[in-house]
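Trainee: This is the structure, below, for whatever I ask next.
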Amino acid sequence: MRLIHPDQRETSPEQLASGLRLGESALPERPYLALNMVSSLDGKATIDWRTRGLSSELDRRLFHHLRTQADAVMVGAGTARNERYGRMIKSEELRGRRREEGLEPDPLAVVVSARLDLPADLPLLQEPGQRVVIGTGSDAVLQGVTAQVEYERVGEDLPLLMARLREAYGVRSVLCEGGPTLNSYLLAAGLVDELFLSLNPKLAGGAAALTIVAGRELVEPAELELVSVAEGDGDLFTRWLVGD
Ligand SMILES: NC(=O)c1ccc[n+]([C@@H]2O[C@H](COP(=O)([O-])OP(=O)(O)OC[C@H]3O[C@@H](n4cnc5c(N)ncnc54)[C@H](OP(=O)(O)O)[C@@H]3O)[C@@H](O)[C@H]2O)c1
């Protein structure tokens, strides 16, 4: 893998996703939030409703190492259900990397589900070592889960959820892994600070396939500023800052 902007040198997913110290940029009232997404060259976020066909080996390494950089990893219910989310950190080595970054060995998992429509057998909810916060509009409680699940009854109020994560859980940085619907609400609420976007060299087609931002309309297009680009095995790994 080679960094091609702003400098030119050899790099790796591990180098791109280390020492980011995202939490140091947090505002007092909410965590700093970075999105991580992958898309085809025609901007599609899925092939056959999954990301698997778009995510290369290098992208998967970057994906897992980015999880070593934030206090919390957040996902929308649609993605948690479709991608069958499990424990966020997959190995002791990655937990060790988090410790080296001054973070807890496991991030807080945050799932956003207005309707609390999550299957109890979702692997993430069956991990006793995983602390999970569910932001929801429902008053119900999920039955038969063995993860440490807490509820934030915030309705669809994402700024309130972010404020609660900061104040009640001490979260300074959130890595959000989508999906496209959640992204649109986060962007509309001005809660996104940066974007990691991997571009996979495929044209996926399919009129119904979502792009990386779908769901609610944005009043104004979000303006982003390029931070870095790396290339590896034909994929481009880009990082962008979201303007105010
Ligand atoms: N290419 C990529 O990088 C990437 C990344 C992630 C996902 N994906 C793909 O995207 C697809 C899923 O995307 P999606 O857009 O359908 O789902 P999503 O954004 O993951 O989740 C949508 C759900 O999140 C909840 N939600 C969203 N905004 C909310 C708010 N403001 N307040 C409360 N709840 C809120 C709702 O849950 P309830 O319905 O439970 O109320 C909503 O139905 C999957 O096919 C997945 O593979 C691709």
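Trainee: Using the scaling law 2.2 N^0.38 Å as the reference, what is the normalised Cα Rg of segment 75-129?
Mentor: 1.25
Trainee: How long is the gain from E57 to E104 if the chain were fully straight, where each residue apart is worth 0.36 nm and the alpha carbon distance is subtracted?
Mentor: The span from E57 to E104 would gain 14.3 nm if fully extended.
Trainee: Starting from the Cα of V229, step 7 Å toward the Cβ, then list every residue of segment 1-22 with an amide N under 11 Å from that point.
Mentor: 4-6
Trainee: Apply the Karplus curve 6.51 cos²θ - 1.76 cosθ + 1.60, θ = phi - 60°, to the phi angles in segment 16-29 and return the couplings in whole Hz, x for Gly and Pro.
Mentor: The phi angles translate into 5, 10, 9, x, 6, 6, 4, x, 5, 9, 5, 7, x, 8 Hz.
Trainee: Also, I was wondering about something else. For segment 96-244, what does the convex hull of the Cα positions come to per residue, in cubic angstrom?
Mentor: Working: hull volume 24.4 nm³, N = 149.
Dividing the Cα hull volume of segment 96-244 by its residue count gives 164 Å³.
Trainee: Suppose we take every Cα in segment 7-54 and form the convex hull; what volume per residue is that in Å³?
Mentor: Spread over its residues, the Cα hull of segment 7-54 gives 153 Å³ apiece.
Trainee: Right, here's the next one. From the C-alpha coordinates alone, can you work out the Kirkwood hydrodynamic radius of segment 105-160, in Å?
Mentor: Answer for segment 105-160: a Kirkwood hydrodynamic radius of 11.4 Å.
Trainee: What whole-number value in Å² describes the accessible area per residue of the chain for a 1.4 Å probe? Mind showing how you got there, number by number?
Mentor: Working: 11380 Å² over 244 residues.
It amounts to 47 Å² per residue over the chain.
Trainee: Per the 1.4 Å probe, what fraction of the accessible area of segment 116-161, in percent, lies on carbon and sulfur atoms?
Mentor: Using a 1.4 Å probe with all protein chains present, segment 116-161 comes out at 49 percent carbon and sulfur.
Trainee: What is the distance, in nm, between label points placed 7 Å from the Cα along the Cα-to-Cβ direction at T146 and at L160?
Mentor: If labels sit at T146 and L160, their model points lie 3.4 nm apart.
Trainee: Over the residues of segment 44-102, compute the C-alpha Rg and express it relative to 2.2 N^0.38 Å.
Mentor: 1.23
Trainee: Taking the Cα centre of each part, how many Å lie between segment 66-93 and segment 158-180?
Mentor: Taking the Cα centre of segment 158-180 as reference, the centre of segment 66-93 is 14 Å away.
Trainee: Another one. What percent of all Cα-Cα pairs in segment 132-214 falls into each 10 Å bin, going from 0 up to the bin containing the maximum distance?
Mentor: Result returned by the calculation: 14, 39, 30, 16, 1.
The values are calculated or read from the model by the stated rules, or taken from the named source; none is laboratory data. These figures come from a predicted structure and were not determined experimentally. As a convention, Cβ positions derive from the backbone with ideal geometry for all residues, glycine included, and neighbour counts pool all protein chains shown. All accessible areas refer to the heavy atoms of the entire protein, side chains included, with ligands and DNA or RNA removed. Shrake-Rupley method; radii C 1.70, N 1.55, O 1.52, S 1.80 Å.
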